[in-house]
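One structure is given below, encoded as structure tokens.
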Amino acid sequence: MSEQKNQRPVPKANRFVETEAFWQGTKQGELLLQYCPDTKQFQHYPRPISVYTGKRNLEWRKVSGQGVIYACTIVRVPGPGLDDRLPLSVVTVELDEGVRILGNVLNAAPDKVAIGQRVELAWDALGDDAQYPGFNLVEA
């Protein structure tokens with residue numbers, strides 16, 4: 001088996017916290033996050049218990065993927081699979097559902113990305129069978 005020099009790393013399900021639903025959702029083009037039905041709030045990153053109640057009463061629910069850029073930075077240093085993607089905008093997005101998630105801005109040059117801009121979910125292909133949530137700027 002030959003290994004490509006600049007292949008992007010593909011995340012795997014976490015063996016300590018049930019994340020399989022998240023990764024299955026990405027394969028189907030759906031962003032699924034943990035939801036606490038007791039408090040009616042989402043949480044992210046995945047955990048074995050609700051951060052609100054401490055109970056294991058969690059569900060996976062589809063979210064819109066729309067939100068606002070909370071923080072941003074530009075990656076300029078090469079890494080595995082990044083050579084043809086630099087410079088790369090990496091953002092923390094506060095989703096309309098109230099949680100924050102990391103991703104890349106896929107449709108804009110880094111100098112056009114700013115805190116407070118609206119974004120929508122877009123899928124960033126990692127390989128043949130894997131994709132990760134990314135974002136596109138929403139034109140006002």
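The values are calculated or read from the model by the stated rules, or taken from the named source; none is laboratory data. The structure displayed is predicted, hence computed values, not measured ones. Cβ atoms come from the backbone with ideal geometry, glycine included; neighbour counts cover every protein chain shown.
Only residues that are closer than 13 Å to Val105 by Cβ and either assigned by TED's automatic domain parsing to the domain that holds Leu32 or not in a helix (DSSP H, G or I) (or both): list them for the range 71-87, please.
Answer for the range 71-87, where residues must be closer than 13 Å to Val105 by Cβ and either assigned by TED's automatic domain parsing to the domain that holds Leu32 or not in a helix (DSSP H, G or I) (or both): Ala71, Cys72, Thr73, Ile74, Val75, Pro87.
Might you let me know whether the range 80-87 holds any residue that is small (Gly, Ala, Ser) and in contact (Cβ under 8 Å) with a residue 24 or more places away in the chain?
Looking for residues that are small (Gly, Ala, Ser) and in contact (Cβ under 8 Å) with a residue 24 or more places away in the chain, one finds at least one in the range 80-87, hence yes.
For residues that are small (Gly, Ala, Ser) and buried (at least 17 other Cβ atoms within 10 Å of the Cβ), scanning just the range 71-125, find the one that is nearest to the chain's Cα centre (by Cα).
Gly103
Identify the single condition in (1) outside the structural domain of Leu137 (by TED's automatic domain parsing); (2) over 13 Å from Pro133 (Cα atoms); (3) among the polar types (S, T, N, Q) that Thr26 does not satisfy, given that it satisfies every other one.
Only one criterion in (1) outside the structural domain of Leu137 (by TED's automatic domain parsing); (2) over 13 Å from Pro133 (Cα atoms); (3) among the polar types (S, T, N, Q) is unmet by Thr26, namely (2).
Counting just the residues of the range 54-70 that are over 17 Å from Arg100 (Cβ atoms) and surrounded by 15 or more Cβ atoms within 10 Å (Cβ to Cβ), which one comes out farthest from the chain's Cα centre (by Cα)?
Within the range 54-70, the match that is farthest from the chain's Cα centre (by Cα) is Leu58.
Considering Tyr45, Tyr132, which residue is hydroxyl-bearing (Ser, Thr, Tyr) and assigned to a loop (DSSP other than H, G, I, E, B)?
None of the other options fit; the residue is Tyr45.
Sort out which residues of the range 19-53 are over 19 Å from Gly98 (Cβ atoms) and exposed (fewer than 15 other Cβ atoms within 10 Å of the Cβ), and write them in order of number.
Within the range 19-53, Glu20, Gln24, Lys27, Gln28, Gly29, Pro48 meet the criteria.
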